[in-house]
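A quick write-up on the structure given underneath.
The values are calculated or read from the model by the stated rules, or taken from the named source; none is laboratory data. Remember, predicted model here, so these are calculated numbers, not experimental data. Neighbour counts run over all protein chains shown; Cβ positions are idealised from the backbone, glycine included. When the accessible area is computed, the model is the full protein with side chains, heavy atoms only, and any ligands, DNA or RNA have been set aside. Shrake-Rupley method; radii C 1.70, N 1.55, O 1.52, S 1.80 Å.
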Amino acid sequence: SQTIHQWPATLVQPVGSPLSLECTVEGTSNPNLYWYRQAAGRGLQLLFYSVGIGQISSEVPQNLSASRPQDRQFILSSKKLLLSDSGFYLCAWSLSGGAANSPLHFGNGTRLTVT
Amino acid sequence: AQSVTQLDSQVPVFEEAPVELRCNYSSSVSVYLFWYVQYPNQGLQLLLKYLSGSTLVESINGFEAEFNKSQTSFHLRKPSVHISDTAEYFCAVIDTGNQFYFGTGTSLTVIP
């Protein structure tokens, strides 16, 4: 069966520091991968998605970036964090090939607090 | 582009009472519909989905949702809620472009 791992679970970082959040998927090949952010009391905001290695689409211009160095690894980064980057970050995957009946499967999330 | 509307941001309900969480989507073209549940400080878990066939779909923990194409709705219901059902619930839609759209969520609080 497929599993998704996301770490760390919680993170407290000062303003201006770098960020690296990692997500890996097991049990499937060439998944679609996603990064979402969930601000307190608000819905889900799609940040990035990837349909393959090195293929990243950005939905929202900001100081965050994403990379996919391996088929089942998705990394969210920032060179300098802002206070507004605080939130709950969720990684997700779905089956590739445009399978319209494939739901998203989420990791357990990372709670990021920028101080 | 699609939009998903969850009309109620917060729903308090007493234990063992029925509940309905409302969800409407914007387009009448073919879509696939999902409900997700999020417990505090956790990721989203798939609760149930409508892909085709019977318009009434059920989950293993007593929730059900009915796809109503004419009203472009996919409301979530449970006849008798438990304390453990307290969580955030998200409605989601995939359109023919395989793009996911989420509602803003409904916070269900079950009162003992």
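Observations
- For the residues A:L21, A:L95, A:L11, A:L83, the requirement of being more than 9 Å from chain B (Cβ to nearest Cβ), open to solvent by 30 Å² or more (accessible area, probe 1.4 Å), of a type in the set (A, V, I, L, M) and in contact with a Pro (Cβ under 9 Å, 6 or more places away or on another chain) singles out A:L95.
- Filtering B:F90, B:F74 for residues that are touching an Asp or Glu at 6+ places or on another chain (Cβ under 9 Å), open to solvent by less than 30 Å² (accessible area, probe 1.4 Å) and part of a strand (DSSP E or B) leaves a single hit, B:F74.
- Among the conditions (1) more than 16 Å from the chain's Cα centre (by Cα); (2) away from every other protein chain (no Cβ under 14 Å); (3) part of a loop (DSSP other than H, G, I, E, B), the only one that B:N41 does not satisfy is (2).
- Residue match in region B:64-81 (condition: touching a residue at least 60 places away in the same chain (Cβ under 8 Å) and touching a Cys at 6+ places or on another chain (Cβ under 6 Å)): no
- Criterion applied to B:L47, B:L56, B:L21 was being among the hydrophobic types (A, V, I, L, M, F, W, C) and more than 24 Å from B:P112 (Cα to Cα), and the one residue passing it is B:L56.
- Each residue in region B:10-38 was checked for being open to solvent by 80 Å² or more (accessible area, probe 1.4 Å), within 12 Å of the chain's Cα centre (by Cα) and under 28 Å from A:T110 (Cα atoms), and 0 of them qualify.
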